[in-house]
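K.L.:
Below you will find the structure I want to go over with you.
The values are calculated or read from the model by the stated rules, or taken from the named source; none is laboratory data. All figures in this text were calculated on a predicted structure; none of them were measured in a lab. Neighbour counts run over all protein chains shown; Cβ positions are idealised from the backbone, glycine included. Surface accessibility is based on the protein's heavy atoms, side chains included, excluding ligands, DNA and RNA. Shrake-Rupley method; radii C 1.70, N 1.55, O 1.52, S 1.80 Å.
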Amino acid sequence: MKLRHALLATAVIGALGLAACKRDVATPAAPAPAAAPAGETADQFVARVNAEVRKLSAELNAAQWLSSTYINGDSELVAAKANERWLAQLNTWIEQSKRYEGQALKPETARALKLLKLWTAMPAPRNPAKLEELTRLATRMEGMYGAGSYCTGEGDARTCRDIGQLSEVLAKSRDYDAQLDAWQGWHTISIPMRKDYTRFAQLVNEGAQEMGFADAGEMWRSGYDMSPAELASESDRLWGQVKPLYEQLHCYARTKLDAQYGKDKGEVAGGLLPAHLMGNLWQQDWSNLWDLLQPYKDAGSLDVNGALQRMADANLARELAKPGAAGQSAAERTFLAQRAAQLATAKAMTERAQDFYVSLGMPKLPESYWQKSQFVKPMDRDVVCHASAWDMDMQGDVRTKMCIAPTEEDLTTIYHELGHLYYDLAYNTQPPIFQNGAHDGFHEAIGDTIVLAMTPKYMASVGLVDAPAQSREALIDAQMRMALAKVAFLPFGLMIDRWRWGVFDGSIKPDGYNKAWWALKAQYQGVAPATPRGEEFFDAGAKYHVPGNTPYTRYFLSHILQFQFYKALCDASGFKGPLYECSFYGSKAAGEKYWAMLSKGSSQPWQQTLKELTGGEKMDASAVLEYFAPLQDWLKQQNAGQQCGWQAGATSAPRSASSPAAD
């Protein structure tokens with residue numbers, strides 16, 4: 001699942017690209033921003049800010065890009081100082097904007113001033129020393145994550161595995177102990193972050209309070225054209241709509257895990273799912289458990305992984321068939337051929353995703369995209385492999401940063417990330433302050449709406465699977481594959497920010513970080529660790545978005561919105577039939593309607609933007625339930641006689657005063 005970098009973790013005009021802190025270097029403070037011109041009107045002020053943002057964006061984003069793709073002390077320092085300058089400038093603009101409070105303003109000017117105040121998820125204290133401390137903490141934590149690895153053994157026997165290698169164990173191994181070792185191993189990388197995160201939370205709270213918010217969590221919840229309390233209540237309402245579907249999927253998965261590992265290992269006391277057995281480090285996507293959870297083994301092949309691996313094998317054979325350079329050893333030639341084949345496969349997968357957007361009438365990505373993006377993991381340096389999309393200059397220099405492998409998961413991630421880029425390109429005509437999603441959940445939903453349209457029929461049409469079987473069994477298989485990614489994610493999309501809201505408002509204390517983390521995971525996801533996780537651990541930090549300071553409620557909202565968008569685009573394309581069979585690939589009518597929505601950016605309240613696409617002003621999960629209706633009926637039949645649900649344990653999750661409790 002995939003992250004929206006641009007803008008919200010450290011600054012709205014760039015992507016999060018903070019790198020590892022290798023040294024403690026004394027550096028001069030950022031220069032003070034220039035004073036506002038005397039007599040400047042609100043309209044003139046907004047115009048000036050827009051012009052200055054456009055100038056600053058390239059410098060900030062370049063520094064962050066380097067810090068994510070060349071992790072070392074130098075890039076860390078450059079990124080930290082760039083962010084320090086940006087946040088100091090942002091604080092100055094916010095302070096200057098207070099001159100216009102209470103004045104009669106044009107609606108677009110009033111909106112711009114409101115958005116300016118919400119332009120960062122990392123509100124910085126005005127004190128220069130604290131601002132510098134904040135940027136260095138953010139840089140160091142993200143660097144710890146990006147360079148994280150789990151090492152065992154000593155001397156010549158010492159081996160280290162990174163997040164990709166550990167994730168592969170969870171995806172492919174069915175050895176209980178090997179999976180537990182890999183899961184526990186990755187969760188060691190976040191232990192050193194705990195002290196930094198505690199201080200980080202204090203500093204962003206101070207920055208938010210200086211802006212007039214109760215805490216940083218309230219500030220995050222203020223960016224939705226509704227009150228913070230309404231946003232918390234709205235997200236709980238949406239969760240209530242989809243929770244019964246999730247509970248049925250949870251019950252089915254537990255039964256299958258019990259069958260595979262035995263009831264003593266396949267579940268944790270209270271009917272909770274073991275965290276290390278879900279095929280994913282954070283239990284947010286269960287797709288890798290397809291071998292255990294596939295409903296019907298002979299209902300037709302949906303083996304996208306196999307098709308991509310065959311593509312990779314063909315590219316390698318092609319590279320190996322090329323003559324080697326003079327004096328080149330066989331080993332060197334093979335290595336270079338493998339690297340060239342990896343890059344060719346990654347670009348081919350990206351071209352496949354681009355083709356869907358182009359089929360809707362959208363432009364091809366600029367040539368600079370193919371020259372400047374990171375498609376595969378470099379061999380000579382540490383990088384942040386977490387997939388991300390970048391708008392470098394707000395004028396068309398767009399990039400993705402990934403370490404692509406030939407898997408279905410990475411293919412759908414590419415479709416998702418390109419959604420961000422097409423949103424960027426569509427609203428690049430807006431003033432910089434309005435160059436963002438209608439709200440942050442919109443940005444995450446764009447590409448995932450396209451993923452929903454990747455039906456078995458579509459995938460067969462582009463050679464990714466065989467012609468799909470036409471049977472109820474094939475339908476249930478297809479729905480299960482989608483549910484393992486989409487439905488399994490929903491409670492995870494809620495619980496991360498429920499934890500952070502509690503951290504920010506003080507209801508979760510530093511000495512109870514881990515206890516609260518696992519209480520919320522039990523409450524929402526119904527998962528638990530198989531072994532004790534005391535306060536010597538900082539398991540929240542093992543998820544990128546926590547040290548990276550990326551708000552997460554957006555991802556939950558996007559998983560609701562994408563089904564609303566999908567239904568609206570299916571209607572626009574003229575599709576007739578069950579919603580789950582719709583692919584609007586090639587529909588210029590759907591593409592025109594989508595592009596019109598994307599081009600609005602954040603220039604108007606999201607309710608208006610949503611209405612222009614879907615006809616309604618309210619986020620609603622009814623399209624999710626319509627889409628998965630056949631699967632939900634099937635799950636109820638399979639679970640008949642089972643005791644579904646779970647007991648979260650005697651320790652309940654802390655309740656934040658600003659976050660209504662979920663069921």
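K.L.:
Mind checking which residues of the stretch 618-632 are over 16 Å from Gln241 (Cα atoms) and free of Cβ contacts under 8 Å to residues at least 24 places away in the same chain?
P.N.:
none
Per-residue answers, yes or no, for (1) modelled with pLDDT of 95 or more; (2) under 25 Å from the mean Cα position of the chain (by Cα); (3) buried (at least 19 other Cβ atoms within 10 Å of the Cβ):
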residue	(1), (2), (3)
Pro31	no, no, no
Ala35	no, no, no
Arg48	yes, no, no
Ser67	no, yes, yes
Leu77	no, no, yes
Ala82	no, yes, yes
Lys98	no, no, no
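K.L.:
For the stretch 206-223, what are the residues that are under 23 Å from the mean Cα position of the chain (by Cα) and open to solvent by 10 Å² or more (accessible area, probe 1.4 Å)? Outline the logic, then answer.
P.N.:
Kept after step one, since they are under 23 Å from the mean Cα position of the chain (by Cα), are these residues of the stretch 206-223: 216-223.
Across the stretch 206-223, the qualifying residues are Glu218, Trp220, Ser222, Gly223.
K.L.:
Another question about this same structure. Please give the number of the condition Ala63 fails out of (1) crowded, with 20+ Cβ neighbours inside 10 Å; (2) among the small types (Gly, Ala, Ser); (3) more than 25 Å from the chain's Cα centre (by Cα).
P.N.:
Going through the list (1) crowded, with 20+ Cβ neighbours inside 10 Å; (2) among the small types (Gly, Ala, Ser); (3) more than 25 Å from the chain's Cα centre (by Cα), Ala63 breaks only (3).
K.L.:
If you don't mind, another one. Looking at (1) part of a loop (DSSP other than H, G, I, E, B); (2) open to solvent by 20 Å² or more (accessible area, probe 1.4 Å); (3) closer than 25 Å to Leu598 by Cβ, which one does Met379 not meet, given that it meets all the others?
P.N.:
(3)
K.L.:
To continue, here is another question. Return the residue satisfying two criteria in turn: it lies in the stretch 376-411 and is in contact with an Asp or Glu (Cβ under 9 Å, 6 or more places away or on another chain) and β-branched (Val, Ile, Thr), and of such residues it is nearest to Asn305 (Cα to Cα).
P.N.:
Ile404
K.L.:
Could you list, in sequence order, all residues of the stretch 224-250 that are within 22 Å of the chain's Cα centre (by Cα), within 24 Å of Phe628 (Cα to Cα) and open to solvent by less than 10 Å² (accessible area, probe 1.4 Å)?
P.N.:
Ser235, Leu238, Trp239, Val242, Tyr246
K.L.:
A further question follows. Identify, by number, the condition in (1) under 19 Å from Cys570 (Cα atoms); (2) modelled with pLDDT of 95 or more; (3) polar (S, T, N, Q) that Asn428 doesn't meet.
P.N.:
Unmet condition: (1).
K.L.:
Out of Glu267, Glu319, I need the residue that is more than 24 Å from His187 (Cβ to Cβ) and either open to solvent by 10 Å² or more (accessible area, probe 1.4 Å) or in contact with a Ser or Thr (Cβ under 7 Å, 6 or more places away or on another chain) (or both). Which one?
P.N.:
Working: Glu267 fails: more than 24 Å from His187 (Cβ to Cβ).
Of the residues listed, the single one that is more than 24 Å from His187 (Cβ to Cβ) and either open to solvent by 10 Å² or more (accessible area, probe 1.4 Å) or in contact with a Ser or Thr (Cβ under 7 Å, 6 or more places away or on another chain) (or both) is Glu319.
K.L.:
Taking the stretch 51-60 as the search range and keeping residues that are of a type outside the set (Lys, Arg) and in contact (Cβ under 8 Å) with a residue 60 or more places away in the chain, which one is most open to solvent (accessible area, probe 1.4 Å)?
P.N.:
First, pick out the residues of the stretch 51-60 that are of a type outside the set (Lys, Arg): 51-53, 56-60.
Still in the list and also in contact (Cβ under 8 Å) with a residue 60 or more places away in the chain: 53, 57-58.
On the way: Val53: 0, Ser57: 0, Ala58: 48 Å².
Across the stretch 51-60, the extreme among qualifying residues is Ala58.
K.L.:
Across the stretch 479-506, which residue is modelled with the lowest pLDDT among those that are under 19 Å from Leu277 (Cα atoms) and of a type in the set (D, E, K, R)?
P.N.:
Top of the filtered list is Arg481.
K.L.:
Moving on to the next point. Is it the case that some residue within the stretch 459-478 is open to solvent by 10 Å² or more (accessible area, probe 1.4 Å), within 25 Å of Trp595 (Cα to Cα), touching a residue at least 40 places away in the same chain (Cβ under 8 Å) and charged (D, E, K, R)?
P.N.:
The answer is no; no qualifying residue exists.
K.L.:
Going by the conditions given, is Asp497 touching a residue at least 40 places away in the same chain (Cβ under 8 Å), acidic (Asp, Glu) and open to solvent by less than 10 Å² (accessible area, probe 1.4 Å)?
P.N.:
On the way: touching a residue at least 40 places away in the same chain (Cβ under 8 Å): yes; acidic (Asp, Glu): yes; open to solvent by less than 10 Å² (accessible area, probe 1.4 Å): yes.
It is true that Asp497 is touching a residue at least 40 places away in the same chain (Cβ under 8 Å), acidic (Asp, Glu) and open to solvent by less than 10 Å² (accessible area, probe 1.4 Å).
K.L.:
Looking only at the stretch 575-590, which residues are touching a residue at least 24 places away in the same chain (Cβ under 8 Å), small (Gly, Ala, Ser) and part of a loop (DSSP other than H, G, I, E, B)?
P.N.:
Matches in the stretch 575-590: Ser583, Gly586, Ser587.
K.L.:
Of the conditions (1) more than 24 Å from Gln638 (Cα to Cα); (2) surrounded by fewer than 19 Cβ atoms within 10 Å (Cβ to Cβ), Ile508 clears all except one; give me its number.
P.N.:
Result: Ile508 fails condition (2) only.
K.L.:
What pairs come up if the first residue lies in the stretch 558-574 and is open to solvent by less than 10 Å² (accessible area, probe 1.4 Å), the second is among the acidic types (Asp, Glu) and modelled with pLDDT under 95, and their beta carbons are under 7 Å apart, counting only those six or more places apart or on different chains?
P.N.:
Matching pairs, first to second residue: Ser558/Glu444.
K.L.:
Okay, next question. If you go through the stretch 536-556 one residue at a time, do you hit one that is more than 18 Å from Lys243 (Cα to Cα), open to solvent by 30 Å² or more (accessible area, probe 1.4 Å), out of contact with any strand residue (DSSP E or B) (no Cβ under 7 Å at 6 or more places or on another chain) and in a loop (DSSP other than H, G, I, E, B)?
P.N.:
yes
K.L.:
Criterion first (in contact with a helix residue (DSSP H, G or I) (Cβ under 7 Å, 6 or more places away or on another chain), open to solvent by 40 Å² or more (accessible area, probe 1.4 Å) and farther than 23 Å from Pro532 by Cα) does Lys256 satisfy it?
P.N.:
Values: in contact with a helix residue (DSSP H, G or I) (Cβ under 7 Å, 6 or more places away or on another chain): yes; open to solvent by 40 Å² or more (accessible area, probe 1.4 Å): yes; farther than 23 Å from Pro532 by Cα: yes.
Criteria met by Lys256.
K.L.:
Hey, among the residues in the stretch 348-361 that are touching a helix residue (DSSP H, G or I) at 6+ places or on another chain (Cβ under 7 Å) and part of a helix (DSSP H, G or I), which one's surrounded by the fewest Cβ atoms within 10 Å (Cβ to Cβ)? Explain how you work it out, then say what you get.
P.N.:
Looking only at the stretch 348-361, we keep the residues that are touching a helix residue (DSSP H, G or I) at 6+ places or on another chain (Cβ under 7 Å), and these are 348-350, 353-354, 356-357, 360-361.
Those left that are additionally part of a helix (DSSP H, G or I): 348-350, 353-354, 356-357.
Numbers: Ala348: 16, Met349: 24, Thr350: 23, Ala353: 24, Gln354: 21, Phe356: 24, Tyr357: 24.
Applying the filter and picking the extreme gives Ala348.
K.L.:
On to the next question. Within the stretch 283-307, restricting attention to residues that are of a type in the set (Phe, Trp, Tyr) and surrounded by fewer than 23 Cβ atoms within 10 Å (Cβ to Cβ), which residue is farthest from Tyr246 (Cα to Cα)? Break it down stepwise before answering.
P.N.:
Residues of the stretch 283-307 of a type in the set (Phe, Trp, Tyr): 286, 290, 296.
Among the residues that remain, those that are also surrounded by fewer than 23 Cβ atoms within 10 Å (Cβ to Cβ) are: 290, 296.
Details: Trp290: 17, Tyr296: 20 Å.
Per the criteria, the residue is Tyr296.
K.L.:
Take the residues in the stretch 272-296 that are closer than 18 Å to Leu490 by Cα and among the polar types (S, T, N, Q), then tell me which one is farthest from the chain's Cα centre (by Cα).
P.N.:
Asn288
K.L.:
Counting only residues that are within 26 Å of Asn428 (Cβ to Cβ), give me the helices (runs of 4 or more DSSP H) lying completely in the stretch 591-645 with at least 2 of them. Show your work before the answer.
P.N.:
Working: elements: 606-614, 622-627, 629-638.
Result: 606-614.
K.L.:
To continue, here is another question. Could you tell me which of the residues Ala522, Ala516 is open to solvent by less than 10 Å² (accessible area, probe 1.4 Å), over 29 Å from Ala208 (Cα atoms) and assigned to a helix (DSSP H, G or I)? So that I can check it myself, show each step before the final result.
P.N.:
On the way: Ala516 fails: over 29 Å from Ala208 (Cα atoms).
From the options Ala522, Ala516, the qualifying one is Ala522.
K.L.:
Just checking, which of Lys364, Lys322, Lys377 is touching a helix residue (DSSP H, G or I) at 6+ places or on another chain (Cβ under 8 Å) and touching a residue at least 60 places away in the same chain (Cβ under 8 Å)?
P.N.:
Values: Lys364 fails: touching a residue at least 60 places away in the same chain (Cβ under 8 Å); Lys322 fails: touching a residue at least 60 places away in the same chain (Cβ under 8 Å).
Checking each option against the conditions leaves just Lys377.
K.L.:
(1) out of contact with any Leu (no Cβ under 7 Å at 6 or more places or on another chain); (2) crowded, with 22+ Cβ neighbours inside 10 Å; (3) within 20 Å of His420 (Cα to Cα): which one isn't true of Val624, the others all being true?
P.N.:
(3)
K.L.:
Then there's this: Any idea how many residues of the stretch 111-136 are assigned to a helix (DSSP H, G or I) and either within 30 Å of Asp43 (Cβ to Cβ) or open to solvent by 10 Å² or more (accessible area, probe 1.4 Å) (or both)?
P.N.:
Taking the stretch 111-136 as the starting set, the residues that turn out to be assigned to a helix (DSSP H, G or I) are 111-117, 128-136.
Subset that is either within 30 Å of Asp43 (Cβ to Cβ) or open to solvent by 10 Å² or more (accessible area, probe 1.4 Å) (or both): 111-117, 128-133, 136.
The total comes to 14.
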